[in-house]
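Below is one structure; the comments refer to it alone.
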Amino acid sequence: MRIGVLVVLVLAVKAGALAQAGASEQLVLEPITRLFAGMNKGDSALVHSAFAKEITMATVAKDKAGNTIVRRESSLAAFLKAVGTPHTEPWSEPIWNTKVEVDGNFAQVWTEYAFYVGKKFSHCGVDAFQLVHEGAGWKIIHLADTRRTQDCKVPPHIADQFK
């Protein structure tokens with residue numbers, strides 16, 4: 001009888017820990033969700049609210065000769081201008097295979113993505129976010145991504161949304 005009670009208690013504690021982990025992961029993902037919503041709406045203020053005051057960004061891609069290039073930014077200004085400049089088609093960046101890791105006030109998120117302009121596929125890759133928990137919540141402090149137009153394995157349930 002005691003073993004049964006012990007097993008139930010252990011399972012209850014594990015379930016509670018998993019529920020808390022899921023809740024904390026959702027909180028980490030909130031600024032990332034806000035970033036993509038702002039991009040989709042062309043709302044640079046919403047995008048800006050997802051980031052900390054000091055950030056870094058990097059894009060890893062290939063040039064026309066096939067050489068790896070890294071483009072670095074230490075300011076959001078150009079990105080916010082691009083998002084906020086009126087464009088006729090919405091920008092959509094669905095994500096999948098998202099992995100969240102948290103250690104206290106620091107988190108990282110690794111996720112595959114596809115980028116669409118309206119219904120037209122543009123590119124795919126991986127987004128790698130680093131976030132810090134500031135008093136009011138999580139903020140993105142670093143965003144690095146890869147970009148490619150070939151070998152994109154967009155899940156059918158995502159690709160079908162843009163047909």
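Read the figures in this text as sums done on the coordinates, not as results from a lab. Everything numeric here is computed off the predicted structure, so don't read it as measured data. Because the Cβ atoms are built from the backbone with ideal geometry, glycine has one as well, and the counts that use them run over all protein chains shown.
Hey, got the Cα dimensions of the chain along the principal axes, in Å, largest first?
69, 37, 32
What is the order of Ser74, Ser92, Ser24, fewest Cβ neighbours within 10 Å to most?
Working: Ser74 10, Ser92 19, Ser24 15.
Listing Ser74, Ser92, Ser24 from fewest to most nearby Cβ atoms yields Ser74, Ser24, Ser92.
Taking the Cα centre of the chain as origin and charging only Cβ (+1 Lys, Arg; -1 Asp, Glu), how large is the dipole, in debye to the nearest 20?
Magnitude of the dipole: close to 280 debye.
Would you order Thr33, Thr68 from fewest to most other beta-carbon atoms within 10 Å of each residue's own beta-carbon? Please report the intermediate quantities before stating the final value.
Working: Thr33 12, Thr68 9.
Least to most surrounded, the residues fall as Thr68, Thr33.
Which order do Leu131, Leu35 fall in if you start with the one that has the fewest other Cβ atoms within 10 Å?
Ascending Cβ contact count within 10 Å gives the list Leu35, Leu131.
Give me the net charge for the shell around Arg147: Cβ to Cβ below 13 angstrom, other residues only, Lys and Arg +1, Asp and Glu -1.
Net charge in that neighbourhood comes out at -3.
Can you compute log10 of I(q)/I(0) for segment 109-163 with the Debye formula, treating each Cα as one identical point scatterer, at q = 0.13, 0.24, 0.31 Å⁻¹?
-0.42, -0.91, -1.20
What is the angle, in °, between the Cα long axis of helix 2-41 and the longest principal axis of the Cα atoms in the chain? Nearest 10 is fine, range 0 to 90.
Long axis of 2-41 versus the principal axis of the chain: about 20 degrees.
Straight distance only, please: which lysines reach the Cα of Lys41 with their own Cα at less than 24 Å, same-chain residues fewer than 8 apart left out?
Lys53, Lys81, Lys119, Lys120, Lys139, Lys163
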